[in-house]
Amino acid sequence: MNKKLFSYWIVSLAVLSACGFNQQKKSHEGQWHVAEAWYADGDSLSVGKVDVFYVVSTNVAKASDEQGNLLVRATLNVDDRKYMDLEFAFVKRHIFHDDFNFIAPYYHQLTFEALCDYPSKAAAAYPEVAAEVCEAFDYYMEHHNNGRPFILAGFSQGGMIMADLLKHLTEEQYSRLIATYMIGYRLTADDLRHPHIRAAQDVSDRQVVVSFNSAASREGVWDLVASDAATCMNPVNWRTDSTPARFVYQGDTCTVCVDSLTQVLMVTSQHKERYKKWMQGSPLYSSAHISLDNLHHWDLLFYTDQLYHNAVKRAYNR
C-alpha cells in the first residue's frame, strides 16, 4: 500500500467533551486471548527484535448500534477493522519495516464524529478507551513480550493514549522501554510531571517521548491535538529549538522548524495549495471546521523515513 492510497483513509483525533450517545460496555477484559483482537501482519515474533506496541489513530467516522442509535465508540465491525488495517499496514511498512516485532490491538476507539460534534460525551468515555488499551498492553506483556525491550507508538488518538499507557507501566516494564513516539499529539506540562514521561532532547536519548504536531501557520494549529503543548521535537533534525530543517515529501521540498510560541512544527512548502486542496476535499475535516493550514493529517506521512531511522538508532544503536 502506498502513501497516496493511505492518505485518503487516515482520519485523526483527540479528546473533547459531549451529549447524546448510547453507552457501550465499560471493560473488554478477557478479549485479548482471541487472535482476532490483534492485527495480524503474518510475521512471527522474533527473539532478536525489539517490539513495537502501536496504537492506531481515529479511523472510524461514526458508529451506531443495531437500532440505529449513535454510539460514541467504534463497534469494530468489518469496515472499522478495514480502515484500521490500512493504518497498521502503512506504519509497519513505512516506519518500522521488518526491523521490529509489530504488535497492535484493535480497540473500541472514540469516533471522529464524537470527538468533534459531541465532545463532553467523548471526554466521559475516554477513560474507558485508555483502560481498554492498557488491558491489551497487559495481555501482550504477560503472554507475548517475553522480557524484550519495546517501543510505544501511536498517532493522533493513539498518541493521546500514549500518556495514559506510560503512566500505567510498572517500573520493571519502564526499565525496558526504548522510547515513545507520540505522533500528532501534544505533551503538556502536567504530563511531564509524571516520572515515566520525559520529553526527548536529542536524536538518541532513551526512555523519552518524541512528540510533535504540524501546521503551515499558527492559524493552522488544531487545538484539539496541540493546545497547551509544552515541548516539540523536530523529527527531521532532532532538535527542540527553532533551527530549520529540510525534507522532501512526494517531490515537494519543505522546510520545518519548531515554533517556540505554540510548540508546533511549522512547515513551509513549495506546493502548499496541494495540502489545502486535500483539506477542502475532506468531508471530515471540513465538517469539523479545521483550518486549511492544519497539517495534522500529514504528521504520519511527512516524516516516515526519519522516524524509521530514529527508531533503529534508539533500539539498536545503528
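Just one of the listed residues (Ala125, Ala136, Ala114) is at pLDDT below 95, of a type in the set (Gly, Ala, Ser), part of a helix (DSSP H, G or I) and buried (at least 21 other Cβ atoms within 10 Å of the Cβ), namely Ala114.
Taken as a whole, the condition of being modelled with pLDDT of 95 or more and closer than 27 Å to Leu115 by Cα does not apply to Ala200. Going by the conditions given, is Ala153 in a helix (DSSP H, G or I), in contact with a strand residue (DSSP E or B) (Cβ under 7 Å, 6 or more places away or on another chain), within 28 Å of Ser286 (Cα to Cα) and open to solvent by less than 30 Å² (accessible area, probe 1.4 Å)? Criteria not met by Ala153.
Give the residue that is farthest from Leu115 (Cα to Cα), with candidates limited to residues of the stretch 302-318 that are hydrophobic (A, V, I, L, M, F, W, C) and crowded, with 19+ Cβ neighbours inside 10 Å. That would be Ala315. Filtering Ser211, Ser217 for residues that are hydroxyl-bearing (Ser, Thr, Tyr), open to solvent by less than 30 Å² (accessible area, probe 1.4 Å), in contact (Cβ under 8 Å) with a residue 12 or more places away in the chain and touching a Gly at 6+ places or on another chain (Cβ under 9 Å) leaves a single hit, Ser211. A search for C-beta distances below 7 Å between a residue of the stretch 115-129 that is farther than 10 Å from Val72 by Cα and any residue that is charged (D, E, K, R), counting only pairs 6+ apart in sequence or on different chains, returns Glu128/Lys26; Val129/Arg73. From the list Leu284, Leu261, pick out the single residue that is of a type in the set (A, V, I, L, M) and assigned to a loop (DSSP other than H, G, I, E, B). The match here is Leu261.
Note on the stretch 158-177: among residues that are hydrophobic (A, V, I, L, M, F, W, C) and over 17 Å from the mean Cα position of the chain (by Cα), the one that is nearest to Asp99 (Cα to Cα) is Leu177.
Looking at the stretch 145-157, can you tell me whether even one residue there is farther than 26 Å from Ala315 by Cα and either within 17 Å of the chain's Cα centre (by Cα) or without any contact (Cβ under 8 Å) to a residue 24 or more places away in the chain (or both)? First the steps, then the outcome.
Pass one, the stretch 145-157, residues farther than 26 Å from Ala315 by Cα: none.
Within the stretch 145-157, none of the residues are farther than 26 Å from Ala315 by Cα and either within 17 Å of the chain's Cα centre (by Cα) or without any contact (Cβ under 8 Å) to a residue 24 or more places away in the chain (or both).
Condition check for Arg206 on (1) within 28 Å of Leu86 (Cα to Cα); (2) outside any helix (DSSP H, G or I): one failure, at (1). Number of residues in the stretch 52-87 that are closer than 12 Å to Tyr107 by Cα, assigned to a loop (DSSP other than H, G, I, E, B) and open to solvent by 40 Å² or more (accessible area, probe 1.4 Å) equals 2. Sub-7 Å Cβ pairs linking a first residue in the stretch 285-303 that is free of Cβ contacts under 8 Å to residues at least 40 places away in the same chain to a second residue that is open to solvent by 10 Å² or more (accessible area, probe 1.4 Å), at least 6 apart or interchain, are Ser286/Gln280, ordered by first then second residue. Give me the residue from the stretch 221-251 that is in a loop (DSSP other than H, G, I, E, B) and small (Gly, Ala, Ser) and, out of that set, surrounded by the most Cβ atoms within 10 Å (Cβ to Cβ). It comes out as Ala229.
Beta carbons closer than 9 Å, at least 6 apart along the sequence or on distinct chains, pair a first residue in the stretch 236-249 that is on the phi > 0 side of the Ramachandran plot with a second that is open to solvent by 40 Å² or more (accessible area, probe 1.4 Å) and outside any loop (DSSP other than H, G, I, E, B) for Trp238/Gln306. Ile161 - would you say it is touching a helix residue (DSSP H, G or I) at 6+ places or on another chain (Cβ under 7 Å), within 28 Å of Thr111 (Cα to Cα) and in a helix (DSSP H, G or I)? Considered against the rule, which asks whether it is touching a helix residue (DSSP H, G or I) at 6+ places or on another chain (Cβ under 7 Å), within 28 Å of Thr111 (Cα to Cα) and in a helix (DSSP H, G or I), Ile161 comes out as yes.
The values are calculated or read from the model by the stated rules, or taken from the named source; none is laboratory data. As the structure is a computational prediction, the values presented were derived from the model and not from experiment. As a convention, Cβ positions derive from the backbone with ideal geometry for all residues, glycine included, and neighbour counts pool all protein chains shown. Heavy atoms of the whole protein, side chains included, go into the accessibility calculation; ligands, DNA and RNA do not. Shrake-Rupley method; radii C 1.70, N 1.55, O 1.52, S 1.80 Å.
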